[in-house]
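What follows draws every value from the coordinates through simple rules; no lab data is involved. Since the structure is predicted, the reported quantities are computational estimates derived from the model, not experimental observations. We place every Cβ from the backbone using ideal geometry, glycine too, and count neighbours over all the protein chains shown.
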Amino acid sequence: MSIIIKAITELGGLVAPGWGGPRLSVLIFHRVAETVDPLVPGIPTRAAFRYKMELLRDNFKVMPLTEGVRRLAEGSLPSRALSITFDDGYRDNVTTVLPVLRSVGIPATFFVASGYLNGGRMWNDDVIEIIRQTKAESFSLPELGIGPISLRDLPARRTAIDTVIERLKEADPALRQEALHELARESQCRLPDDLMMTDDDVRTLHEAGMEIGCHTRTHPILTRIPLEVGEAEITGSRADLERIINAPVRLFAFPNGIPGYDYDARHVDLVRRLGFEAAFSTAWGVSTSGSDRYQLPRFTPWDDSPLAFTARLILSRRQTRYAVS
């Protein structure tokens, strides 16, 4: 299999012009589970993640993100340059991901939403855990125009999670949180307080040589809040993280990160003015010397098959237009 994969990467230039040139691929992950979660099977397991990291180590030049950004600007990137990132600040990034990265010998950058450290929880995890624990056969949040949605079996609960999370993205954050907390209480659900990192976990990553980046405090969709509130979210998170690691935080990732939808030109100007060295979207593509340093793309090759995973990486290098102006 490894011989076939190497052959695919060698032939990549036939599919993606400039494959071997100065282009930086940045992969985005969120969580890695020890074993398959039946309710959220899309979360990669430790074994699957390790295999992908070994594949990347053996076929790409994996480098720290700050080095990749610097060398992109200098025009000194090696062929097949690639960086790895994680978003949000889940605790499994320390307990499961870090040991794999250390074992394989590659670096990563962790964009942390600092407001959820030390026992916090993102609202989408409230949805998942309520649907996981409730004995009810349907899910409803009438005050937010949702429901009833069937929970009759495992496939229905999986569908419900995707449906509810998608519908709640646009809801008022305070109303959404209040409604979810009330539903958890009524359903007698005990929501976990250990899904996200602690301050000590962030320090552990930093001391292990991993990079820490800013991802706001509470992961808002920036276009849905006043600009000054967004600025406070960003500067507050950077201050939190710099206090924790006692070092500068130079990189920023836009929450959700879709150009023109989750952030716009005002936010690009903001992170530039705040002095970050670079900022990252979730647009599909690869960075080139002409890319806006404050809208560099990241993507997730979701394929489990090593061949499909590698092929998707190669094809992604054709996409270089992804920014707002």
What number comes out for the charge environment of residue 267, summing +1 per Lys or Arg and -1 per Asp or Glu over other residues with Cβ under 13 Å away? -3
So what's region 140-283 giving for Rg/Rh, alpha carbon basis, Kirkwood Rh from the mean inverse pair distance? 1.03
Taking 0.36 nm per residue of separation between residue 188 and residue 95 and subtracting their Cα-Cα distance, the length gained on full extension comes to 30.6 nm
Hey, can you rank 275-281, 167-173, 119-125 by average C-beta count inside 10 Å, highest first? 275-281, 119-125, 167-173
Reciprocal of mean inverse Cα separation for region 72-162 (Kirkwood radius, Å): 16.7
Please compute the volume of the convex hull spanned by the alpha-carbon atoms of region 193-240 and report it per residue in Å³. 91
Bridge orientation stat for the chain from DSSP, antiparallel percent rounded to 5, came to 15
A correct Karplus calculation of ³J(HN,Hα) over region 285-294, with 6.51 cos²θ - 1.76 cosθ + 1.60, θ = phi - 60°, whole Hz and x for Gly and Pro, returns x, 9, 8, 10, 5, x, 6, 5, 4, 9
Counting helices only, and only those DSSP H runs with n ≥ 4, report the 222 nm mean residue ellipticity of the chain as the sum of -39,500 (n - 2.57) divided by its residues, in deg cm²/dmol to the nearest 500. -12500 deg cm²/dmol
Most mobile of 50, 203, 102 in a GNM of the chain (Cα contacts under 10 Å): 102
Once residue 242 and residue 159 are pulled to full extension, the length gained, defined as 0.36 nm per residue separation minus their Cα-Cα distance, is 26.0 nm
Count the lysine pairs in the chain whose Cα atoms lie under 26 Å apart, taking only pairs 8 or more positions apart in sequence or on different chains. 4
With unit charges on the beta carbon (Lys/Arg positive, Asp/Glu negative), name the residue among 72, 98, 59 whose Cα is farthest towards the positive pole of the charge dipole of region 49-109. 59
Rounded to one decimal in Å, the inverse mean reciprocal Cα-Cα distance for the chain, i.e. its Kirkwood radius, is 20.6
Residue separation between residue 227 and residue 137 times 0.36 nm, minus their alpha-carbon distance, gives in nm 28.3 nm
In nm, the gap between the two label points placed 7 Å beyond Cα toward Cβ at residue 178 and residue 70 is 4.9
Gyration tensor verdict on region 198-325 (Cα atoms; rounded if a/c is under 1.5, prolate if a/b is larger than b/c, oblate otherwise): oblate
Counting Lys and Arg as +1 and Asp and Glu as -1, each charge on the Cβ, what is the dipole of region 195-309 about the Cα centre in debye, to the nearest 20? 320
